[in-house]
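For reference, the structure discussed in these notes is given below.
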Amino acid sequence: YTYFDGKPKWNRDTLTYAFSKTHKLEYLTSDDVKTVFRRAFDQWASVIPVSFEEVDDYTVADLKIGFFAGDHGDGQPFDGVLGTLAHAFAPKNGRLHLDAAETWVVDGDFKESDVAVDLESVVTHEIGHLLGLGHSSQESAVMYPSLRPRTKKVDLTVDDVAGVLKLYGANPNLRFDSLTESEDSLKNG
Amino acid sequence: RNLPEESITKATQIIHVSNATWHDFSRLVDVQLGSHVSGVSELKRYLHRFGYVKEDDGGDGAKNFSDVFDGPLEYAISLYQQNLGLPITGKLDTSTVTLMSSPRCGVTDTHMIDNGFHTTAH
């Protein structure tokens, strides 16, 4: 695991998040997207003493989420199908952008397209950046920079959890059985 | 059943974009240090995008990188391999090129390079 320069982190135990009402997808309902984000936020919240609360007002939310295409004004233009999937900024910027040109899948059904990308996998990764984690060298880690099309990787591994625990400390309710069963899960560690 | 003309046109357009923006580096597998091969400049642009090649390493100080597989590129490839958990060879082997062609997060890897990175205690 790595951190951004200066190890920036949030100093609050509740972070609010909101979805852009204009930069969104037509083919996914907002409920579908919100359900995916809720699951991803809950994963990180189960490990560290930080909770995430959805709010309606995008302008005042700590974490701002939107789907953007091409050059969208932050100096990091998206590049169409595949390639760069999404990016998120370090604390305390709070912006999370997803490439609207991707074929986002929310139910794990990859049969429809060979360029389908699992939204929950990418969202879980980008939330790690929002919290201050950098990329990991461990391919099994959620924070590994690359994700092959039509693959799902949403379970936090030892590497992901160790990195975020060092930044925020442990959630007092941390239950090991909530972590992944994979051979390198914290629980097995 | 014949699809209406308009939808066919639109589908074609999307595919074209994907080819333009995420090059397939497979042509560069096993390209040797010192050789001049078309497409190496795109690889340098990719590695520059994610923090591995500095602009002046392109050989002529500007963002138009050369097609020469030079020393800085070899070093950049070995850094990329180290950061992404691949065997560190400095060469464009198949696993490295395949990973470079895979979709990824847009956040650069510079924080893995400048700070070094923490090893995980097992």
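With respect to the conditions (1) surrounded by 18 or more Cβ atoms within 10 Å (Cβ to Cβ); (2) closer than 19 Å to residue B:98 by Cα; (3) among the charged types (D, E, K, R), residue A:152 lacks only one, and its number is (1).
Evaluated against (1) at positive phi; (2) in contact with a Phe, Trp or Tyr (Cβ under 8 Å, 6 or more places away or on another chain), residue A:75 falls short on exactly one condition, (2).
Quickly run through segment A:39-80 and pick out the residues that are surrounded by fewer than 16 Cβ atoms within 10 Å (Cβ to Cβ), of a type outside the set (Lys, Arg) and closer than 18 Å to residue A:126 by Cα. Residues satisfying the conditions are A:42, A:46, A:51, A:53, A:54, A:69, A:74, A:75.
What are the residue pairs meeting all of these: first residue in segment B:38-57, first residue within 12 Å of chain A (Cβ to nearest Cβ) and more than 20 Å from residue A:87 (Cα to Cα), second residue among the β-branched types (Val, Ile, Thr) and not in a loop (DSSP other than H, G, I, E, B), Cβ atoms under 8 Å, and 6 or more apart or on different chains? Listed pairs, sorted by first residue: none to list. From the list B:93, B:70, the one residue that fits, being surrounded by fewer than 17 Cβ atoms within 10 Å (Cβ to Cβ) and over 22 Å from residue A:99 (Cβ atoms), is B:93.
Can you tell me which residue in segment A:108-131 is nearest to residue A:81 (Cα to Cα), limited to those that are within 10 Å of chain B (Cβ to nearest Cβ) and buried (at least 21 other Cβ atoms within 10 Å of the Cβ)? My answer is A:117.
We did not get these values from a lab; they are worked out from the coordinates using the rules stated. Here the structure is a predicted model, which is why all the values come from computation and not from measurement. In this analysis, Cβ positions are derived from the backbone assuming ideal geometry, glycine residues included, and neighbour counts consider all displayed protein chains.
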